[in-house]
1. Around residue 43, with a cut-off of 15 angstrom between Cβ atoms, what is the net charge of the other residues, counting Lys and Arg +1 and Asp and Glu -1?
2. Using a Förster distance of 25 Å, how high is the FRET efficiency between residue 155 and residue 126, based on the Cβ-Cβ distance and rounded to 0.05?
3. Amide H to amide H under 5 Å from residue 158: which residues, 5+ apart in sequence or cross-chain, H placed 1.01 Å off N in plane?
4. How large is the dipole of segment 78-199 about the Cα centre if only Lys and Arg carry +1 and Asp and Glu carry -1, each at its Cβ, rounded to the nearest 20 debye?
5. Across segment 132-148, in residue order, what do the Karplus-derived ³J(HN,Hα) couplings come to in whole Hz, using 6.51 cos²θ - 1.76 cosθ + 1.60 with θ = phi - 60° and x for Gly and Pro?
6. What are the GluC sites (Glu not before Pro) within segment 41-114 that DSSP puts in a loop, where the Cβ has at most 13 other Cβ atoms within 10 Å?
7. Short version: ³J(HN,Hα) in whole Hz for each residue of segment 156-164, in order, from phi by Karplus 6.51 cos²θ - 1.76 cosθ + 1.60 (θ = phi - 60°), x for Gly and Pro, what are they?
8. Only counting other Cβ atoms within 10 Å, I'd like 9, 41 sorted with the fewest neighbours first.
Amino acid sequence: MKLNNKNIISLIVGLIILIMGGAVALNSFEFNSNYKVGQQIDSLNGVSVFYNGGVDNVYGRNTTSDGYNLGLKYQCVEFVKRYYYEHLKHKMPDSHGNAKDFFNKELTDGQLNRKRNLIQYTNQSKTKPKVDDLIIFSGSIFNKYGHVAIVSKVTENEIEIIQQNPGLFRKSREIFVLDYKNSKWEIETKRILGWLRKE
């Protein structure tokens with residue numbers, strides 16, 4: 001069979017759809033693990049990180065005794081909101097939303113994010129990230145909801161984050177390069193929108 005441009009384009013599109021479908025299926029698949037869903041796998045300042053099994057798994061809503069919504073068990077949002085509630089004694093005025101929605105793109109660097117009652121910094125900020133900051137990742141082709149994590153360590157040229165439900169083959173802790181150029185701090189990954197901080 002002779003391949004013309006139309007056949008080649010159809011073949012490429014078909015391969016892309018196949019690859020994307022496989023990635024989504026793998027992302028949702030619960031791999032054999034030494035952990036059981038809901039088991040503690042890490043912690044920061046006494047706040048536990050729980051195993052979720054697969055990115056799309058949901059095990060009901062977690063609320064506090066006073067009715068504050070922490071999010072869906074054991075998603076990334078649930079951990080960061082529980083961390084801020086338990087360790088920093090902070091309740092967000094808007095207790096709902098997907099991970100990427102924690103970042104308000106209409107704000108400039110250093111403004112108050114009223115929905116979260118936290119100061120928001122863009123990824124390329126005059127303000128360096130610090131421990132306890134909430135890091136926000138944009139959505140991606142494999143995860144349209146985005147991701148959130150907590151800064152657990154900062155050095156001159158790296159940050160470490162702690163996260164719940166991080167996705168396929170990722171661990172509860174990850175390290176990213178932190179660069180200072182043109183008088184601004186930048187975490188070297190395009191998916192990070194910025195960070196939020198309780199002042």
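1. Numbers: positive: 82, 153, 171, 173; negative: 42, 78, 86, 132, 160.
Result for the neighbourhood of residue 43: -1.
2. Working: r = 19 Å, r/R0 = 0.75.
After rounding, the FRET efficiency stands at 0.85.
3. For residue 158, whose amide H was placed from the backbone, the distant partners under 5 Å are 178.
4. Working: 23 positive and 16 negative charges, 52 e Å.
Here the size comes out at about 260 debye.
5. Listing the rounded values in order: 5, 5, 9, 9, 10, 9, 6, x, 9, 4, 9, 8, 6, 8, x, 7, 9 Hz.
6. Values: sites: 78, 86, 106; in loops: 106.
The qualifying sites are 106.
7. Each residue's phi maps through the Karplus curve to give 5, 10, 8, 10, 10, 10, 10, 8, 10 Hz.
8. Values: 9 10, 41 16.
Placing the least packed residue first, the sequence is 9, 41.
Bear in mind that the values in this text are calculations on the coordinates, not laboratory data. Since we're looking at a predicted model, the values are computed, not measured. Don't worry about glycine lacking a Cβ; one is built from the backbone with ideal geometry, like all the others, and counts go over all protein chains shown.
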